[in-house]
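**Student:** One structure, as structure tokens, below. Some questions next.
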Amino acid sequence: VVGLNLFQQSCQHIGKPKNSVCWLARYRRLKISTGKGVISTKHQGHSIQQDKFLSRSHISLHQSFVAEQQKYGTIGSRDMGTLTTQEQRLYRYAYWLSLVTIGYNVLEGILSIFLGYQDEALTLLGFGIDSFIEVLSGIGIAHMVWRIGRFGTEQLDRFEQTALRITGMAFYLLTAGLILSAGISIATDHRPDTTFWGIVISLISLATMGFLIWAKLSVGKKLRSEPIIADARCTLTCLWMSVVLFASSGLYELFQIGWLDSLGLLGLAFFSFREGRECFEKARARTLTCCGDSCELPTSVQDEVQHTTTQVPTAEE
């Protein structure tokens, strides 16, 4: 009870709710003294020290705090003060990369929609709409990078989960629109005026996305941050969508066959549907460390949870 009061008072002091990261993180920096023993915790871990007289209720108290930390995603949380100068610089770099991604997608979306509408190039138009949906996803990623750098929490918070669900629904709606447009285009034998700008924008996108993938992978590996690495790998989907745009636009310019542009719409629809499904999987699993595979907790979190479980002895011991 004394320990719980200390936790609540420490977070009320800075105006945070008791179930927040702040309230839970305090557990690692306190020593809870009892009549029969002392529970001491490490800042970076969950191991406890106790004497042989520590009762089952005290062990249950420790286990309940570990469970709450898993629930609210505070396994591995830390303050920026515990990061080295190099780590702080890398997190700032990762944050700026996420902002660059957002800015580029906005510019790409505007140009693609304008030029696609002007030339009646449906694949380029759909590619531009996808770029704006990627902006929604990028906002959640930027928030995630900032939060991990500040608190070290790799599990998604409520804002990021909401952003993923909204993004996933937008991808599903885009998928339906692309399939419908492809069907109408094929039925009416629609032909774009030109797909030249589709080739240009796809080449620029391939170069930009290639750089962003390389940069995000580099900083993610240096920080050993699985969410940042997963974000880089998920950017590969944007790269493949650029390949679809380049192929459909290039083939149409060569052969002037209308259904080639419609085929590009179906290719975008495939990747759009997959991205929407992944968004909902990530929101459900509260982690970004899944991309194309089944979602699960980050390896670092799993290891720490397993380590915590083995560190907590039973009352009989």
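The values are calculated or read from the model by the stated rules, or taken from the named source; none is laboratory data. Being a predicted model, the structure only gives us computed values, none of them experimental. Please note: Cβ atoms are built from the backbone with ideal geometry, for glycine as well, and neighbour counts cover all protein chains shown.
**Student:** Please pick out the residue among Leu180, Leu173, Leu164, Leu206 that is of a type in the set (A, V, I, L, M) and buried (at least 21 other Cβ atoms within 10 Å of the Cβ).
**Tutor:** Selected residue: Leu164, the only one of Leu180, Leu173, Leu164, Leu206 that is of a type in the set (A, V, I, L, M) and buried (at least 21 other Cβ atoms within 10 Å of the Cβ).
**Student:** Looking at Ala187, is it touching a residue at least 12 places away in the same chain (Cβ under 8 Å), part of a helix (DSSP H, G or I), of a type in the set (Gly, Ala, Ser) and out of contact with any strand residue (DSSP E or B) (no Cβ under 6 Å at 6 or more places or on another chain)? If you could, list the steps in order and put the result at the bottom.
**Tutor:** Values: touching a residue at least 12 places away in the same chain (Cβ under 8 Å): no; part of a helix (DSSP H, G or I): yes; of a type in the set (Gly, Ala, Ser): yes; out of contact with any strand residue (DSSP E or B) (no Cβ under 6 Å at 6 or more places or on another chain): yes.
Here the answer is no, as Ala187 does not meet what is asked.
**Student:** Please determine, by comparing only the residues of region 193-251 that are outside any helix (DSSP H, G or I) and of a type in the set (Ser, Thr, Tyr), which one is modelled with the lowest pLDDT.
**Tutor:** So the residue we want is Ser225.
**Student:** Could you check, for region 119-133, whether at least one of its residues is assigned to a loop (DSSP other than H, G, I, E, B), crowded, with 24+ Cβ neighbours inside 10 Å and at pLDDT 90 or above?
**Tutor:** yes
**Student:** Give just the number: which of (1) more than 14 Å from the chain's Cα centre (by Cα); (2) closer than 17 Å to Asp231 by Cα does Leu122 not satisfy?
**Tutor:** The failed condition is (2).
**Student:** Considering only region 252-266, state which residues are in a helix (DSSP H, G or I) and either surrounded by fewer than 19 Cβ atoms within 10 Å (Cβ to Cβ) or in contact (Cβ under 8 Å) with a residue 24 or more places away in the chain (or both). Write out each step before concluding.
**Tutor:** So the first thing to find is which residues in region 252-266 are in a helix (DSSP H, G or I), and the list is 252-255, 258-266.
If the condition is that a residue be in a helix (DSSP H, G or I) and either surrounded by fewer than 19 Cβ atoms within 10 Å (Cβ to Cβ) or in contact (Cβ under 8 Å) with a residue 24 or more places away in the chain (or both), then Tyr252, Glu253, Leu254, Phe255, Gly258, Trp259, Asp261, Ser262, Leu263, Gly264, Leu265, Leu266 are the ones that fit.
**Student:** What residue, of Ala176, Ala142, Ala170, is of a type outside the set (S, T, N, Q) and free of Cβ contacts under 8 Å to residues at least 40 places away in the same chain?
**Tutor:** After applying the criteria, what remains is Ala176.
**Student:** Scanning for something surrounded by fewer than 20 Cβ atoms within 10 Å (Cβ to Cβ), in contact with an Asp or Glu (Cβ under 9 Å, 6 or more places away or on another chain) and part of a loop (DSSP other than H, G, I, E, B), does region 136-152 turn up at least one residue?
**Tutor:** Looking through region 136-152, none of the residues is surrounded by fewer than 20 Cβ atoms within 10 Å (Cβ to Cβ), in contact with an Asp or Glu (Cβ under 9 Å, 6 or more places away or on another chain) and part of a loop (DSSP other than H, G, I, E, B).
**Student:** In region 153-166, how many residues are part of a helix (DSSP H, G or I) and more than 17 Å from Arg274 (Cα to Cα)?
**Tutor:** The first filter runs over region 153-166 and keeps only residues part of a helix (DSSP H, G or I), leaving 158-166.
Of the ones still in play, those that are also more than 17 Å from Arg274 (Cα to Cα) are 158-162.
So the count comes out to 5.
**Student:** Which members of region 79-110 meet the condition of being surrounded by fewer than 15 Cβ atoms within 10 Å (Cβ to Cβ), assigned to a helix (DSSP H, G or I) and modelled with pLDDT under 90?
**Tutor:** Met80, Gly81, Thr82, Thr85, Gln86, Gln88
**Student:** Now, a different point. Filter region 215-248 down to the residues that are β-branched (Val, Ile, Thr) and over 30 Å from Ala121 (Cβ atoms), then identify the one that is farthest from the chain's Cα centre (by Cα).
**Tutor:** Out of the qualifying residues, it is Val219.
**Student:** Mind checking which residues of region 209-243 are closer than 16 Å to Asp130 by Cα and touching a Phe, Trp or Tyr at 6+ places or on another chain (Cβ under 7 Å)?
**Tutor:** Of everything in region 209-243, those that are closer than 16 Å to Asp130 by Cα and touching a Phe, Trp or Tyr at 6+ places or on another chain (Cβ under 7 Å) turn out to be Thr237, Trp240, Met241.
**Student:** Please go through region 277-302 and give me each residue that is modelled with pLDDT of 75 or more and farther than 19 Å from Phe159 by Cβ, ordered by number.
**Tutor:** Result: Arg277, single match.
**Student:** Hey, another quick one. Sort out which residues of region 144-168 are over 27 Å from Ile113 (Cα atoms) and not charged (D, E, K, R), and write them in order of number.
**Tutor:** Hits for region 144-168 are Met144, Val145, Trp146, Ile148, Gly149, Phe151, Gly152, Thr153, Gln155, Leu156, Phe159, Gln161.
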